[in-house]
Every structure is written in structure tokens, then in C-alpha cells.
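Enquirer: Can you keep this structure in mind? I'll have questions shortly.
The values are calculated or read from the model by the stated rules, or taken from the named source; none is laboratory data. Nothing here was measured: the structure is a model prediction, and the numbers come from that model. Neighbour counts run over all protein chains shown; Cβ positions are idealised from the backbone, glycine included.
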Amino acid sequence: MSMDPEKPHLIILAEDDANRQLAHAFLLEIKGRMPDSRQIEVLRKRAGKPPKDGWKKTVDGKFIGDQVPKMFDKFPHRMVLLLIDFDEKTGDHNRREYTFRQLKMKLKEKLKLGEELKSEEELKLENKLEELRKRVFVLGVWSEPEQLRQNFGQSFEKIGESLAQACINDDDELWQHELLKHNLEEVKRMKPLVNPLLFKKR
């Protein structure tokens, strides 16, 4: 059976096989604690596509092109997690900032708003943007997963398992690592919405 889109669910979009391996290992480690594992899905690589889609194709194609219209029109309970390499980019080139800028542009298009917005149009846009932002998360290694694997001296599977254990134990120590610490606020923002999908009620 597949996920129930009428209930809260999470779609994970991974830039490449390395990020997919991290996600799959995380979910496999935590699966026994989940109330319904069908409600979280790591989207597969499209047939015939290279193993590395690239962060921009992941954001602009798989997220903005494919997922945002569905989140806007059909699935109000859908959350999306993007796993992309940050490539040590800061400022306007930061991957998370880019993602939310693109989201705002897509919403302007969906709401049929022009370049010059009236005050009520601006308010409508900001309200819808805030509602969608709450359901979108962007995580990734500050450089790329291969460097994280080298620093840890572990496989992607082992690192994914360790991140799952950190989540189970509500321990942020692993996220303090130099290549992961930029995700701390995003992880904190995710917990209230995503933890109910990860852990059965006690």
C-alpha cells in the first residue's frame, strides 16, 4: 500500500545517490519506531537519469516544478525535505536561501501576480509563502557528502544510522560537526512537524 496523501506525509528529494543513501539509512534505522513508514518516501532517481541530478535541478525541477504545484493545489498535508550539497556557498548563493527565493517566484506565478504588487496582493503572497515555507525543509552537508564520509571515516549508511540515533536520543552533538552545524536551526524547525511521522505516540 502507498502513503495516504490526506494525512501528513513527507517527500524527500535527494540531489544524488550519496544523499539518497544517507536518507535511506536514516529511515531504515528508525523504521521500527515510526507509526506508519509509508508516510515518508524518498523519491527514486528517474529512469535513465544520471546518479547526480545536481542541486539546481533538484530545486528548480523536482521541487519547484513538480512538488510545489501539488503542495499548492492538491496536498495541504505534504511536507518536502530537500537533501542537497551546500558547496560552501554563502549569502545570495546559499542553497537554502536560493530555494526559498525560487519558491516565492513560483507562488507569484501561481497567484497570477505581476511585478508591481498592491498591498493586499503582497499580503496574500506573504501569507501563502509562510504557509508553504513551514512545510519545506532544506538540509545538506556544507560541502558535499563525500567529504563528510572522509572526515567520519564511515560509509554513508553508517552516517545515516548515526544521524537517526541522534534523532532518537534527541541529541544534537552530531549536528555540531563543522560540515553539519549550518543545519541546526533547520533541524529544530523540522522537529514539531516531522517527529510525529518518525515516532509512535507513547
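Enquirer: In the range 24-46, what residues are crowded, with 21+ Cβ neighbours inside 10 Å and either touching a Gly at 6+ places or on another chain (Cβ under 8 Å) or without any contact (Cβ under 8 Å) to a residue 12 or more places away in the chain (or both)?
Expert: Matches in the range 24-46: 26 only.
Enquirer: Ok, one more. Is the range 1-16 home to any residue that is surrounded by fewer than 14 Cβ atoms within 10 Å (Cβ to Cβ) and under 15 Å from the mean Cα position of the chain (by Cα)?
Expert: Within the range 1-16 (the criterion being surrounded by fewer than 14 Cβ atoms within 10 Å (Cβ to Cβ) and under 15 Å from the mean Cα position of the chain (by Cα)), the answer is no, since none of the residues qualifies.
Enquirer: Check 126, 161 and return the single one that is surrounded by 13 or more Cβ atoms within 10 Å (Cβ to Cβ) and under 30 Å from residue 202 (Cα atoms).
Expert: 161
Enquirer: A further question follows. Can you name every residue in the range 58-76 that is surrounded by fewer than 19 Cβ atoms within 10 Å (Cβ to Cβ), assigned to a helix (DSSP H, G or I) and in contact (Cβ under 8 Å) with a residue 40 or more places away in the chain?
Expert: The initial filter retains those residues of the range 58-76 that are surrounded by fewer than 19 Cβ atoms within 10 Å (Cβ to Cβ), namely 60-61, 64-66, 69-70, 72-76.
Pick out the ones that are also assigned to a helix (DSSP H, G or I) and you get 60-61, 64-66, 69-70, 72-73.
The answer is 60, 64, 69, 72.
Enquirer: For the range 183-202, give me each residue that is without any contact (Cβ under 8 Å) to a residue 40 or more places away in the chain, of a type in the set (Lys, Arg) and either in contact with a strand residue (DSSP E or B) (Cβ under 7 Å, 6 or more places away or on another chain) or exposed (fewer than 12 other Cβ atoms within 10 Å of the Cβ) (or both).
Expert: Across the range 183-202, the qualifying residues are 188, 202.
Enquirer: On the given criteria, is residue 52 modelled with pLDDT under 95, within 15 Å of the chain's Cα centre (by Cα) and basic (Lys, Arg)?
Expert: Judged against the criteria, residue 52 is not a match.
Enquirer: Looking at (1) under 15 Å from the mean Cα position of the chain (by Cα); (2) without any contact (Cβ under 8 Å) to a residue 24 or more places away in the chain, which one does residue 154 not meet, given that it meets all the others?
Expert: The failed condition is (1).
Here is a yes/no grid of residues against (1) more than 20 Å from residue 104 (Cα to Cα); (2) among the charged types (D, E, K, R):
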{"position": "123", "(1), (2)": "no, no"}
{"position": "126", "(1), (2)": "no, yes"}
{"position": "132", "(1), (2)": "no, no"}
{"position": "138", "(1), (2)": "no, no"}
{"position": "144", "(1), (2)": "yes, yes"}
{"position": "148", "(1), (2)": "yes, no"}
{"position": "151", "(1), (2)": "yes, no"}
{"position": "164", "(1), (2)": "yes, no"}
{"position": "188", "(1), (2)": "yes, yes"}
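Enquirer: Could you list, in sequence order, all residues of the range 124-182 that are in contact with a strand residue (DSSP E or B) (Cβ under 7 Å, 6 or more places away or on another chain) and assigned to a loop (DSSP other than H, G, I, E, B)?
Expert: Listed by number, the residues that qualify are 135, 140.
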